[in-house]
Amino acid sequence: MPDTPPSGRSDEPYRLPRTVTPLVYHLTLDPDLEAAVFSGDEMVELTVHEPTATVVLNAADLVITDASVESADGDLLVAEVTYDEKLERATFSLPSPVPAGPALLRCRFTGILNDKLRGFYRSRFRAEDGTTATIATSQMESTDARRAFPCWDEPDRKAGFDISLVAGPGLSAYSNGPAVEETDLGGGRRLVRFAPTMKMSTYLVALIVGPLAATEPVDVDGVPVRVVHPPGRGHLSAFALEVAAHALRYYSDYFAIPYPGDKLDLVAIPDFAFGAMENLGCVTFRETALLVDEDRAARTELERVCDVVCHEIAHMWFGDLVTMRWWNGIWLNEAFATFMEVLATDAFRPGWHRWVSFGLERESALAVDGLHATRPIEYPVGSPEEADGMFDVLTYQKGGSVLRMLEQYLGPETFRDGVRSYLAAHAYANTDTADLWDALEAVSGQPVRVVMDSWILQGGHPLVTLDDGLVDQQPFAYGPPDPDGVSAIGGPWQVPVLVRALPAAPGRAPGPGARLLLGDRPEPVPALPDEGPALVNAGGWGVYRVGYGGDQLGRLAGRLDDLAELERVNLLTDTWALVLAGHRPLDDAVTLAAHLGDHSEPGSLAVVAGILGLCDRVVGDADRPAVARATRALLGPRLAGLGWDRRPGDDERAPTLRAMLIRTLATVGQDPGVRTEAAARFDAAAAGRPAIAADIEGAVLDAVAAELRPGDDQAFLEHYRHPADPQDEARYLFALAAFPDEARCLAAFDLALGEVRTQNAPYLIRDLLANRVGGPAVWGRLKEEWTVVTGRFPANALPRMLDGVRMLCGRPELADDVIAFLEANPLETGGRTVLQVIERLGINVAFGRREAGRIAPVLDAATGGLR
Ligand code: BES
Ligand code: ZN
């Protein structure tokens, strides 16, 4: 018998009976792109473990005909098929039991190529000749393979897939394996057969038929790699190919296992619910995450492509070769790919300082993890909706951060060796999270399981305090729990703490730090070789906040030059978190910001911009000029020093910093000089003179929008409709959310329900909700259109769309309305994410109540001297 699922049974009633095991699926699918339907037939080689007259498998939105089971002795049992729509199952009832042993299940089926970006679905784009082209493509994770073909749609029912696709005239076909055979079916139709796959999970199957083109394969140490794309976009593939080659080599070496597929296609799909999907050998992407013109892209856009490509390729090993047993393990799958994505990107372009920008991603996770509505990273999962609800910042960013912490704690080589032995031991099979801890424990001799359980099985994270030479921990929360007292924040944690003292005099090389594993009791700080102020979370990889007693923060503020960049970022974010939580006055964070001196690093300054942005939201109109003044005082000199144009010798991160400075100065800073320059560049570009440099184009558009000049919104829209490349299209689309004007925001909302692709519309609405002026009106419209919106957009995007409401904090009465509406109209997927947004909104409102009256004087006092 194959092993049975673990008990605890949150997965009941969602698991299929295990009386039969699928070994190989022989699958043929024939999509009719015009009619948006498909037909298929399959033959599954099975092992029957005990005689049975019913075979139960998953199917949804399919009509199954001609179903039968043939036993090894050739008996053909014709099946009657019944469906359970709720559990998304089909039951094949046989006239008599099929005996134990090998058997063949056969059936034919039909289905609809849907527009919901799940299962086997339809995507359309404008072809080069102006006509509308259609492709059939697939997105199976988490549980939508059952919408494409009847199957045992659970990650541990691994099988081989022998796939054939019918392609009409002028169409090409792609799947997980290389095409090995083509049969002419007449009338220009061909049957394309692909090499059978290795044993893998159903959620990794890829089925693509359409008028697509492929680049010539690039040979990466024997693996042919191509980019597949809508015709005419092949010139946008070079960067992704370069990254893919890097990633394949990097991982083959890191994991010490060759790439598990036969070939690797990276496929750009015009309508795609997520960023990308790790189908073995046939990774699918939304276009912005793959196709890019290196010379016309912003640095952040290139980084995004690099991240996504590295992330998905990491899954070829971690996820595809070794797979979670059940969906509660999805966090490790995604967290690990996130960790590897950063590691591989950092190796690709060290100058991007990817671990520092990951510090800001961790911050976005801790901002949620400090809420009572957080959840443990690993969480019981039963239904498909619960599985889909796992794809959030806690899985990706907190999970990835916790792995980074473990890697740094054990040492990178030890960690890598443990990962190698884990993958080698479980290749082609399924695992539980603890299997990784066991492998790491075996190579390191450290208590990995106990330490990690404290991080993944309870929500929240600690505030580590240093006071009077003692380190201690307490759970960190932004606010008191609800009156009903429910909180997912746990504690205590097993905290790997690294403390170092700064050198006695500025600029001297630091000595080593002291390590300790902090448990539930306070610990004295070990003797340190240096005599300057002590810094907790040295190196910056710990997943915790730090609070300092006495005058320690003031002393550190005077020594920011002696911190590493990530340490500075953390000091700012931790201090700001304590302010937002009401533990510390606003002055602490503002003082640190004012002490940044000459540090022109995007990490720290992004935190400063975020603080100013929230202040701008909660102050009354009379105080907004003070926030603007402080913004100009803090950021203006940086932009002056950096200039608007790329310069030889620019730091690798200068482009990102420049854009951030322009955007914040033009909006929160209301800086007339910056706005004028932005408008001049925009007008020049419109008149056909130099185009706006891609690095600053998004920021320039936001600055232009802030000026509210007549006609600019129409010009943005025109540009959006005729873009040069996918990034260009996205820049102009999302800039439509930047006009501080109710009417324009509502017009953009209508566009989101009209011509904008459903893959982008939810994010446009998110940005519109976050618009300071238009947000409240957009919220009103969203409520009116709720049924349309929830019926039309991919379910997973809806909680992300609602993220915008946390910025509706300038009007407390609106916050109450938001809470009441969302409680009365729950989402099917991502309900917890909605609770988190609601809690964050309340925290922002509380910050405003506490500090709004003090913001202007505090900012003036701290930055007056800088002006
Ligand atoms: N496996 C996911 C795609 C996915 C997400 C499937 C949610 C089902 C539900 C993929 O590996 C992934 O993580 N994609 C990310 C991009 C990545 C770079 C973080 C995405 O789509 O956002
Ligand atoms: Zn992933």
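The values are calculated or read from the model by the stated rules, or taken from the named source; none is laboratory data. Bear in mind the structure is a predicted one, so any value in this text is a computation, not a measurement. Here the Cβ is made from the backbone with ideal geometry for all residues, glycine too, and neighbour counts use every protein chain on show. Each accessible area value is taken on the protein alone, full model and side chains, heavy atoms only, with ligands, DNA and RNA left out. Shrake-Rupley method; radii C 1.70, N 1.55, O 1.52, S 1.80 Å.
Scanning for something farther than 19 Å from ALA373 by Cβ and in contact with a Leu (Cβ under 9 Å, 6 or more places away or on another chain), does region 800-815 turn up at least one residue?
yes
Take GLU12 and tell me if it is open to solvent by 40 Å² or more (accessible area, probe 1.4 Å), among the acidic types (Asp, Glu) and part of a loop (DSSP other than H, G, I, E, B). So GLU12 fits the description; yes.
With respect to (1) assigned by TED's automatic domain parsing to the domain that holds LYS263; (2) within 14 Å of ligand 1 (Cβ to nearest atom); (3) of a type in the set (D, E, K, R), the lone exception for ARG354 is condition (1). Can you spot a residue in region 592-605 that is touching a helix residue (DSSP H, G or I) at 6+ places or on another chain (Cβ under 8 Å) and assigned by TED's automatic domain parsing to the domain that holds VAL499? No, there is no match, as no residue in region 592-605 is touching a helix residue (DSSP H, G or I) at 6+ places or on another chain (Cβ under 8 Å) and assigned by TED's automatic domain parsing to the domain that holds VAL499. A single entry from ALA373, ALA365, ALA347, ALA387 fulfils the requirement of being under 18 Å from the mean Cα position of the chain (by Cα) and within 28 Å of VAL497 (Cβ to Cβ): ALA365.
Scanning region 784-829 for residues that are touching a Pro at 6+ places or on another chain (Cβ under 8 Å) and outside any helix (DSSP H, G or I) turns up PHE793, PRO794, LEU808, ARG811, LEU827, THR829. For ARG617, the conditions (1) out of contact with any Cys (no Cβ under 7 Å at 6 or more places or on another chain); (2) surrounded by 21 or more Cβ atoms within 10 Å (Cβ to Cβ) are fulfilled apart from (1). Hey, does region 538-552 have a residue that's under 17 Å from ALA862 (Cα atoms), open to solvent by less than 30 Å² (accessible area, probe 1.4 Å) and not assigned by TED's automatic domain parsing to the domain that holds VAL845? No - not one qualifying residue is present in region 538-552. The set of residues from region 634-691 being of a type in the set (A, V, I, L, M), outside any helix (DSSP H, G or I) and surrounded by 15 or more Cβ atoms within 10 Å (Cβ to Cβ) comprises just one member, VAL668.
Okay, residues lined up against (1) at pLDDT below 95; (2) touching a Lys or Arg at 6+ places or on another chain (Cβ under 8 Å); (3) farther than 23 Å from LEU165 by Cβ; (4) not in a loop (DSSP other than H, G, I, E, B):
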position	(1), (2), (3), (4)
GLU34	no, no, no, no
ALA53	no, no, yes, yes
VAL63	no, no, no, yes
GLU70	no, yes, yes, yes
PRO102	no, no, yes, yes
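Scanning region 430-467 for residues that are touching a helix residue (DSSP H, G or I) at 6+ places or on another chain (Cβ under 8 Å) and assigned to a loop (DSSP other than H, G, I, E, B), we see that the one that is farthest from VAL525 (Cα to Cα) is ASP432. I'd like the residue in region 324-340 that is surrounded by fewer than 24 Cβ atoms within 10 Å (Cβ to Cβ) and more than 13 Å from TYR396 (Cα to Cα) and, out of all such residues, is nearest to ligand 1 (Cβ to nearest atom). Selected residue: MET324.
Contact map, region 395-413: first residue at pLDDT 95 or above and among the acidic types (Asp, Glu), second residue part of a helix (DSSP H, G or I) and more than 16 Å from ligand 1 (Cβ to nearest atom), Cβ cut-off under 8 Å, separation 6 or more or different chains; pairs are GLU407/PHE415. Considering ASN825, ASN844, the condition of being under 24 Å from ARG800 (Cα atoms), polar (S, T, N, Q), open to solvent by less than 70 Å² (accessible area, probe 1.4 Å) and touching a Cys at 6+ places or on another chain (Cβ under 6 Å) is satisfied by ASN844 alone.
Quick check, is ALA268 without any contact (Cβ under 8 Å) to a residue 40 or more places away in the chain, open to solvent by less than 10 Å² (accessible area, probe 1.4 Å) and touching a strand residue (DSSP E or B) at 6+ places or on another chain (Cβ under 9 Å)? No.
Hey, can you tell me all the residues within region 580-610 that are free of Cβ contacts under 8 Å to residues at least 60 places away in the same chain, open to solvent by less than 10 Å² (accessible area, probe 1.4 Å) and assigned to a helix (DSSP H, G or I)? Passing the criteria: ALA589, LEU592, SER604, LEU605, VAL608.
Would you check if there is a residue in region 198-209 being assigned to a strand (DSSP E or B), within 27 Å of the chain's Cα centre (by Cα) and farther than 17 Å from PHE120 by Cα? Yes, there is a match, as at least one residue in region 198-209 is assigned to a strand (DSSP E or B), within 27 Å of the chain's Cα centre (by Cα) and farther than 17 Å from PHE120 by Cα. Output the residue which, of all residues in region 281-296 that are more than 12 Å from ligand 1 (Cβ to nearest atom) and open to solvent by 10 Å² or more (accessible area, probe 1.4 Å), is nearest to SER175 (Cα to Cα). The qualifying residue nearest to SER175 (Cα to Cα) is GLU287.
Filtering region 297-323 down to residues that are within 23 Å of PRO384 (Cα to Cα) and away from ligand 1 (no atom under 14 Å from the Cβ), which residue is surrounded by the fewest Cβ atoms within 10 Å (Cβ to Cβ)? Top of the filtered list is LEU321.
Residues are listed down the side, and each one gets a yes or a no for (1) more than 30 Å from the chain's Cα centre (by Cα); (2) at negative phi; (3) at pLDDT 95 or above:
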| site | (1), (2), (3) |
| --- | --- |
| GLU567 | no, yes, yes |
| TRP576 | no, yes, yes |
| LEU580 | no, yes, yes |
| LEU596 | yes, yes, no |
| SER600 | no, yes, no |
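When we screen LEU410, LEU423, LEU403 for residues that are open to solvent by less than 50 Å² (accessible area, probe 1.4 Å) and within 16 Å of ligand 1 (Cβ to nearest atom), the only hit is LEU403. Of the numbered criteria (1) within 15 Å of ligand 1 (Cβ to nearest atom); (2) touching a residue at least 60 places away in the same chain (Cβ under 8 Å), the one ILE257 fails is (1).
Among the listed residues PRO492, PRO510, PRO480, PRO503, identify the single one that is touching a strand residue (DSSP E or B) at 6+ places or on another chain (Cβ under 7 Å), modelled with pLDDT of 85 or more and either on the phi > 0 side of the Ramachandran plot or assigned to a loop (DSSP other than H, G, I, E, B) (or both).
Step by step, each of PRO492, PRO510, PRO480, PRO503 is checked, and only PRO492 is touching a strand residue (DSSP E or B) at 6+ places or on another chain (Cβ under 7 Å), modelled with pLDDT of 85 or more and either on the phi > 0 side of the Ramachandran plot or assigned to a loop (DSSP other than H, G, I, E, B) (or both).
For the subset of region 304-327 comprising residues that are more than 20 Å from GLN458 (Cα to Cα) and assigned to a loop (DSSP other than H, G, I, E, B), which member is nearest to ligand 2 (Cβ to nearest atom)? The residue in question is GLY319.
In region 701-714, the residue that is surrounded by the fewest Cβ atoms within 10 Å (Cβ to Cβ) out of those that are over 15 Å from GLU677 (Cα atoms) and in contact with a helix residue (DSSP H, G or I) (Cβ under 6 Å, 6 or more places away or on another chain) is ASP712.
The lone criterion from (1) open to solvent by 30 Å² or more (accessible area, probe 1.4 Å); (2) over 25 Å from GLU385 (Cα atoms) left unmet by THR82 is number (2).
The set of residues from region 251-278 being of a type in the set (Asp, Glu) and more than 16 Å from ligand 2 (Cβ to nearest atom) comprises ASP253, ASP262, ASP265, ASP271.
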